[in-house]
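Undergrad: Here it is, the structure in full.
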Amino acid sequence: MEGTKLIKKYKDLPILKGQVDKYGIQLRVWCPSCNKIHLHGPKAGHRVAHCHDSKGLFHDTGYIIKPFTKAELRDLGLKEV
């Protein structure tokens, strides 16, 4: 039952997509709240916002991160690292 609550809790959170670094260690995502790049571990999932402003959009809830797919990178004109 706890897992179901977590799924419902996270389903309405924004998804920020990013690019995994060339070492596969970090995922870089652009934060629309503070207009900065945040670094997270490379696996998709819920993250706490790294914004320093306690009034930021994601301060209380965090967000979901996912890496861009190869096709998305290509469509955006970005290179795989």
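Undergrad: Please work out if Gly77 is in contact (Cβ under 8 Å) with a residue 12 or more places away in the chain and small (Gly, Ala, Ser). Please lay out each step first, then the result.
TA: Details: in contact (Cβ under 8 Å) with a residue 12 or more places away in the chain: no; small (Gly, Ala, Ser): yes.
In short, no.
Undergrad: Let me ask something additional. Which members of region 11-63 meet the condition of being of a type in the set (Val, Ile, Thr), part of a loop (DSSP other than H, G, I, E, B) and within 25 Å of Leu78 (Cα to Cα)?
TA: Of all residues in region 11-63, those of a type in the set (Val, Ile, Thr) come to 15, 20, 25, 29, 37, 48, 61.
Then drop every residue that is not part of a loop (DSSP other than H, G, I, E, B), which leaves 25, 48, 61.
Correct list: Ile25 only.
Undergrad: May I pose another question? From (1) over 17 Å from Val81 (Cβ atoms); (2) surrounded by fewer than 13 Cβ atoms within 10 Å (Cβ to Cβ); (3) in contact (Cβ under 8 Å) with a residue 24 or more places away in the chain, pick out the condition that doesn't hold for Lys22.
TA: (1)
Undergrad: Output the number of residues of region 64-80 satisfying the condition of being part of a loop (DSSP other than H, G, I, E, B) and surrounded by 15 or more Cβ atoms within 10 Å (Cβ to Cβ). Quick ask: steps written out before the conclusion?
TA: Filtering region 64-80 down to residues part of a loop (DSSP other than H, G, I, E, B) leaves 68-69, 76-80.
When the remaining residues are screened for being surrounded by 15 or more Cβ atoms within 10 Å (Cβ to Cβ), the result is 68.
Selection size over region 64-80: 1.
Undergrad: What tally of residues in region 40-63 results from selecting those that are touching a Gly at 6+ places or on another chain (Cβ under 9 Å), aliphatic (A, V, I, L, M) and either loosely packed, with under 15 Cβ neighbours inside 10 Å or closer than 11 Å to Val20 by Cβ (or both)? Working first, answer last.
TA: Initially, region 40-63 is screened for residues touching a Gly at 6+ places or on another chain (Cβ under 9 Å), giving 40, 42, 46-49.
The next check asks that each one be aliphatic (A, V, I, L, M); those that pass are 48-49.
Pick out the ones that are also either loosely packed, with under 15 Cβ neighbours inside 10 Å or closer than 11 Å to Val20 by Cβ (or both) and you get 48.
Here the count works out to 1.
Undergrad: Here's something else I'd like to know. I'd like to verify a number: residues in region 47-62 that are within 19 Å of Ile25 (Cα to Cα) and in contact with a Lys or Arg (Cβ under 9 Å, 6 or more places away or on another chain), how many?
TA: Applying the first criterion (within 19 Å of Ile25 (Cα to Cα)) to region 47-62 yields 47-50.
Subset that is in contact with a Lys or Arg (Cβ under 9 Å, 6 or more places away or on another chain): 50.
Looking only at that region, the number is 1.
Undergrad: Further question: Return the residues of region 60-80 that are acidic (Asp, Glu) and either modelled with pLDDT of 90 or more or under 22 Å from Val48 (Cα atoms) (or both); say none if nothing qualifies.
TA: Restricting attention to region 60-80, the residues satisfying the condition of being acidic (Asp, Glu) are 60, 72, 75, 80.
Asp60, Glu72, Asp75, listed by residue number.
The values are calculated or read from the model by the stated rules, or taken from the named source; none is laboratory data. This one's a predicted model, so the numbers in the text were calculated from it and none came from an experiment. Virtual Cβ from ideal backbone geometry, glycine too; neighbours counted across all protein chains shown.
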